[in-house]
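The structure under discussion appears below in the form of C-alpha cells.
The values are calculated or read from the model by the stated rules, or taken from the named source; none is laboratory data. Quantities reported herein were computed from a predicted structural model and do not represent experimental measurements. Note that each Cβ is placed from the backbone with ideal geometry, even for glycine, and that neighbours are counted across all protein chains shown.
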2 protein chains.
Amino acid sequence: MNASFIHPVQDRLEAVEAHMRFQADDAHPDLSAALTHLIDAGGKRIRPIVTILTGELLGAPQDRLLDLAAAVELLHTATLVHDDMIDGALLRRGMPTLNAGWTPAATILTGDFIFARAAKLAAATGSVAVMDMFAEALTIIVDGEIRQQFTSKGLANLDDYYHRIYAKTASLFELASGAAALLAPVDSAARDTARRFGYEIGMAFQIMDDVLDYSAIQDRLGKPVGSDLRNGLLTLPALLYHKANPADPDIQSVIRRNGHQPNDIDALVARIRASDAVNQAVDEAERFVQRALTLLEALPQSGHREGLEELARYIVTREY
Amino acid sequence: MNASFIHPVQDRLEAVEAHMRFQADDAHPDLSAALTHLIDAGGKRIRPIVTILTGELLGAPQDRLLDLAAAVELLHTATLVHDDMIDGALLRRGMPTLNAGWTPAATILTGDFIFARAAKLAAATGSVAVMDMFAEALTIIVDGEIRQQFTSKGLANLDDYYHRIYAKTASLFELASGAAALLAPVDSAARDTARRFGYEIGMAFQIMDDVLDYSAIQDRLGKPVGSDLRNGLLTLPALLYHKANPADPDIQSVIRRNGHQPNDIDALVARIRASDAVNQAVDEAERFVQRALTLLEALPQSGHREGLEELARYIVTREY
C-alpha cells in the first residue's frame, strides 16, 4: 500500500512491525516461525495506522502508542488465525494460512499465544482503561464470531448484519482509535469522538470488504467470489439484492436452507453482481465515511487529521 | 471437597461462582449454556481459594479479590477447553468435555470467549500490575502447552519436566497468590513471598496430579491410568523409574519412538506403579509443600494463614 496517509507515520509503523516480531523472540521456535510467517503475510496495517495517527493527533506518548498499535494488530492477527481454522480456509491474502500446513493443535495454540502477547502489550500501555477496552473488544469479536457461526447463516436481516460487522471489524477499529485517545491528555468528548470515528470507518471498511467478495478476482482475494453467500451468509450486497428481488428463488433457497447453498449459486452471484445492489452497498459505506469525516471536524486541525481524512476516504476508493 | 480451609471463605467462594456465571449472561445462548456446563463441571476451585485466602490475609479489598479470583479460575477453565480439544479428550472430571459434543469451531470460540471474559475481569481489578501478571501467565501457559505438544514427547529430562509443570500449573498458582498480593497494601518482600508460595504449591499440585495418573481408577479420573505415558509424555514417576531402571526396554521404546507407545505399555505402567518411583514423586511434592510452609512463616499470623497451611498440606494428602 502506497497511500499518502502512511508517509508521516512510516517510521513508527516500522517500529510497530519490529515490536510485533519481537513478541515471539523468547518463544518456542515453531511458534516464533509461525508468528514471523503471519507478520510477513502482512495486510494493510490500517488499524495500527489509525492508532498512531489518532494518538499522535491528540498528544498521546509515542512509546505507549507503539505498544497499543502492536496490541491491536496482534489481536487482529490472533482472531484471523482462529477464524481461518474455523472456516477451514487454506489461503488468506493469497498466502497459505497456518491452518493449511499445521495441525489443529498448533493453530489453536498459535492463536492463543498471539492473544496472550497482545494482552501483554495492552497491559504495557499502563492504562487500566485501555486494558478494559481491549478485553471488551475481544469479547465482542468472539461473541460476534459465535453469532456468525450459529445464528446468522441464512438470515436476511439488516440489523443482524450491522451487529455482525460491528463485532467482526468495527469493534477493533473502535479500539484502535478509542484506546489511542485514552492515552492522550484530552477530555471525554474528544475520546468519544475518536472512538466513534473508529466505529464509522470500521463499518465502512467491512462493507467494502463484503462488496469486494462480489467483485474481486480469485487470485487477488485468495477465495472464490461470493464466498460468504456460498457459506450461507448474506452480506450487504445480497441483503440489498434480496430487498429488491424478494422472490428470487435462489436467494430464497439460501435463506430457507439455513446455510445450505442452492445448486445455481454461481448464477445467483452473477445476478447480484449485475444488479444495483453492489453500488448501493458502496453508497452505504460512503455514508459511514461521511459521518467519520464530520466527526473529525471536532478534533484539532493538523497534518495527522488530514491523514485520518485521507485514510477514511481511501476505504471507499479502493479499486474493485 | 470438604476441607477445613474452605469454611472461612465459603461465602466468598460462592460469590466467585456467581461472578463466573454472570460473565455469560449477555452472550449468545449456546455460549452461555457452554459456560454454565463448564462451571457446573466444577473442579476443586483451589486457585480462587488461594487468591481469597492470600489476598484477605494481606488486606486486599474483597471486591477486587472477587474479580481476580474469577479471572484466575476462568483463565484456568479456558485453557482446559482448548487443551481438551487439542488432546481430543471426551471426558474431564468424569463429565463430557465441550469437545465431546460440540464442533471444533464452537469449542475454539468458547475457549476464546472465556479468555476474553477472564481478561475483562483482570482489568476490572483496576491494577495494571495484575493485568500484566495475568497476560504473562497466559503467555507462559500457552508456550508450555506448545512445548508439551512439540518438544517434550519422549523426552526423559527432569529440567524439561519442571519447566513444563511450571508452565502448565504453577504459573497459574503464582498468579492466584501473587496477583492477590499486588492488590494488598504490602511491601514487595511480602508480594514476592506470596508469589513464591503459589509457585511451590503449584509445583506440588501438578506432581501429585501426575502421581494420580499412575494410581487412580479410570472412573474417578475419567481417563486411563498412565495416560501421559501413553501420550508419550514422561512425568515424574516415569522419570524416576527411568533413572532407577535405565535399561528397561519399554521405557527406552517410549523415549526412542518420540511419542509412540510400545506394545506392552500396560506392563510398563504396572512396573512403574509397583516400583518406588511413585513414592519418590510424592516425596518430591512434599518437599515443595515444605518450602511453601516455610515461606508462610514470613506472613502475618492469622486464621487465613492457617487456612493456607492446611491447603498446602491438603495437596499432598489427597487420597491416591
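Would you call A:Y166 touching a Phe, Trp or Tyr at 6+ places or on another chain (Cβ under 9 Å) and within 23 Å of B:F115 (Cα to Cα)? Before you say what the answer is, go through the steps one by one.
Values: touching a Phe, Trp or Tyr at 6+ places or on another chain (Cβ under 9 Å): yes; within 23 Å of B:F115 (Cα to Cα): yes.
Here the answer is yes, as A:Y166 does meet what is asked.
crowded, with 20+ Cβ neighbours inside 10 Å and within 24 Å of A:E310 (Cα to Cα): which single residue out of A:A15, A:A34, A:A24, A:A69 fits that description?
Numbers: A:A15 fails: crowded, with 20+ Cβ neighbours inside 10 Å; A:A34 fails: within 24 Å of A:E310 (Cα to Cα); A:A24 fails: within 24 Å of A:E310 (Cα to Cα).
Of the residues listed, the single one that is crowded, with 20+ Cβ neighbours inside 10 Å and within 24 Å of A:E310 (Cα to Cα) is A:A69.
A quick yes/no check of all residues on (1) within 29 Å of A:A34 (Cβ to Cβ); (2) at pLDDT below 95:
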{"residue": "B:I146", "(1), (2)": "yes, yes"}
{"residue": "B:A156", "(1), (2)": "yes, yes"}
{"residue": "B:L183", "(1), (2)": "no, no"}
{"residue": "B:Q206", "(1), (2)": "yes, no"}
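Consider the stretch A:105-146. How many of its residues are over 19 Å from A:G202 (Cα atoms) and of a type in the set (D, E, K, R)? Working first, answer last.
Step one: filter the stretch A:105-146 for residues over 19 Å from A:G202 (Cα atoms), giving A:105-129, A:131-132, A:146.
Keeping just the survivors that are of a type in the set (D, E, K, R) gives A:112, A:117, A:120, A:132.
Total satisfying the criteria: 4.
Which ones in the stretch A:112-125 are more than 8 Å from chain B (Cβ to nearest Cβ) and either farther than 20 Å from A:L66 by Cβ or over 20 Å from the mean Cα position of the chain (by Cα) (or both)?
A:T125
So which residues in the stretch A:21-42 are farther than 17 Å from A:H76 by Cβ and either more than 14 Å from chain B (Cβ to nearest Cβ) or in contact with a helix residue (DSSP H, G or I) (Cβ under 6 Å, 6 or more places away or on another chain) (or both)? First the steps, then the outcome.
Kept after step one, since they are farther than 17 Å from A:H76 by Cβ, are these residues of the stretch A:21-42: A:22, A:25-33.
Correct list: A:A27, A:H28, A:D30, A:L31.
With the checklist (1) free of Cβ contacts under 8 Å to residues at least 40 places away in the same chain; (2) out of contact with any Gly (no Cβ under 8 Å at 6 or more places or on another chain); (3) within 7 Å of chain A (Cβ to nearest Cβ); (4) farther than 18 Å from A:A106 by Cβ in hand, flag the one item B:A105 doesn't pass.
(4)
Within the stretch A:288-301, count every residue that is in contact (Cβ under 8 Å) with a residue 24 or more places away in the chain and farther than 18 Å from A:A189 by Cβ.
Of the residues in the stretch A:288-301, the ones in contact (Cβ under 8 Å) with a residue 24 or more places away in the chain are A:288-289, A:291-292, A:295-296, A:298-300.
Of the ones still in play, those that are also farther than 18 Å from A:A189 by Cβ are A:288-289.
So the answer is 2.
In this structure, does A:A189 turn out to be out of contact with any helix residue (DSSP H, G or I) (no Cβ under 8 Å at 6 or more places or on another chain), over 30 Å from B:A78 (Cα atoms) and more than 14 Å from chain B (Cβ to nearest Cβ)? Spell out the reasoning first.
Working: out of contact with any helix residue (DSSP H, G or I) (no Cβ under 8 Å at 6 or more places or on another chain): yes; over 30 Å from B:A78 (Cα atoms): yes; more than 14 Å from chain B (Cβ to nearest Cβ): yes.
Considered against the rule, which asks whether it is out of contact with any helix residue (DSSP H, G or I) (no Cβ under 8 Å at 6 or more places or on another chain), over 30 Å from B:A78 (Cα atoms) and more than 14 Å from chain B (Cβ to nearest Cβ), A:A189 comes out as yes.
Each row is one residue, and each column tells you yes or no for (1) within 14 Å of another protein chain (Cβ to nearest Cβ); (2) touching a helix residue (DSSP H, G or I) at 6+ places or on another chain (Cβ under 6 Å); (3) part of a helix (DSSP H, G or I).
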{"position": "A:E17", "(1), (2), (3)": "no, no, yes"}
{"position": "A:K44", "(1), (2), (3)": "no, no, no"}
{"position": "A:P48", "(1), (2), (3)": "no, yes, yes"}
{"position": "A:G59", "(1), (2), (3)": "no, no, no"}
{"position": "A:L65", "(1), (2), (3)": "no, yes, yes"}
{"position": "A:A71", "(1), (2), (3)": "yes, yes, yes"}
{"position": "A:T77", "(1), (2), (3)": "yes, yes, yes"}
{"position": "A:H82", "(1), (2), (3)": "yes, yes, yes"}
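Just one of the numbered conditions (1) surrounded by fewer than 22 Cβ atoms within 10 Å (Cβ to Cβ); (2) assigned to a helix (DSSP H, G or I) is not true of A:G154; which one?
(2)
Counting only residues that are more than 8 Å from chain B (Cβ to nearest Cβ) and over 15 Å from the mean Cα position of the chain (by Cα), which one in the stretch A:126-137 is surrounded by the most Cβ atoms within 10 Å (Cβ to Cβ)? Full working, then the answer.
Within the stretch A:126-137, the first condition is being more than 8 Å from chain B (Cβ to nearest Cβ), and the residues that meet it are A:129-130, A:133, A:137.
Now narrow it down to the ones that are over 15 Å from the mean Cα position of the chain (by Cα): A:129-130, A:133.
On the way: A:A129: 15, A:V130: 27, A:M133: 22.
Result: A:V130.
Could you grab me the full set of residues in the stretch A:278-304 that are of a type in the set (K, R) and either within 14 Å of A:D209 (Cα to Cα) or touching a Leu at 6+ places or on another chain (Cβ under 6 Å) (or both)? Give the steps one after another, and end with the answer.
From the stretch A:278-304, those of a type in the set (K, R) are A:287, A:291; that's our starting set.
Passing the criteria: none in range.
Which condition breaks for A:D192 when tested against (1) buried (at least 18 other Cβ atoms within 10 Å of the Cβ); (2) over 14 Å from the mean Cα position of the chain (by Cα)?
It is condition (1) that A:D192 fails.
Scan the stretch A:255-273 and give yes if some residue there is modelled with pLDDT of 90 or more, surrounded by fewer than 18 Cβ atoms within 10 Å (Cβ to Cβ) and not in a helix (DSSP H, G or I), otherwise no.
Scanning the stretch A:255-273, I find no residue that is modelled with pLDDT of 90 or more, surrounded by fewer than 18 Cβ atoms within 10 Å (Cβ to Cβ) and not in a helix (DSSP H, G or I), so the answer is no.
Residues being closer than 26 Å to B:R195 by Cβ and of a type outside the set (D, E, K, R): count how many of those fall in the stretch B:24-52.
Keep residues of the stretch B:24-52 that are closer than 26 Å to B:R195 by Cβ, which gives B:43-52.
If we keep only those that are of a type outside the set (D, E, K, R) as well, we get B:43, B:46, B:48-52.
Total satisfying the criteria: 7.
Could you pull out the residue among A:A281, A:A298 that is assigned to a helix (DSSP H, G or I) and either on the phi > 0 side of the Ramachandran plot or hydrophobic (A, V, I, L, M, F, W, C) (or both)? Steps first, answer last, please.
Working: A:A298 fails: assigned to a helix (DSSP H, G or I).
On inspection, the qualifying residue turns out to be A:A281.
Tell me, please, whether a residue that is over 24 Å from B:T36 (Cβ atoms), of a type in the set (G, A, S) and modelled with pLDDT under 95 can be found in the stretch B:133-141.
yes
Consider only pairs whose beta carbons are under 8 Å apart and that are at least six residues apart or on different chains; among these, list those whose first residue lies in the stretch A:138-158 and is within 7 Å of chain B (Cβ to nearest Cβ) and over 20 Å from A:A238 (Cα atoms) and whose second residue is outside any helix (DSSP H, G or I) and at pLDDT below 90.
A:D143/B:A27; A:D143/B:H28; A:I146/B:A27; A:I146/B:H28
Exactly one condition in (1) at pLDDT 85 or above; (2) among the hydrophobic types (A, V, I, L, M, F, W, C); (3) more than 29 Å from A:P185 (Cα to Cα) is false for A:A34; which is it?
Against the list (1) at pLDDT 85 or above; (2) among the hydrophobic types (A, V, I, L, M, F, W, C); (3) more than 29 Å from A:P185 (Cα to Cα), A:A34 comes up short only on (1).
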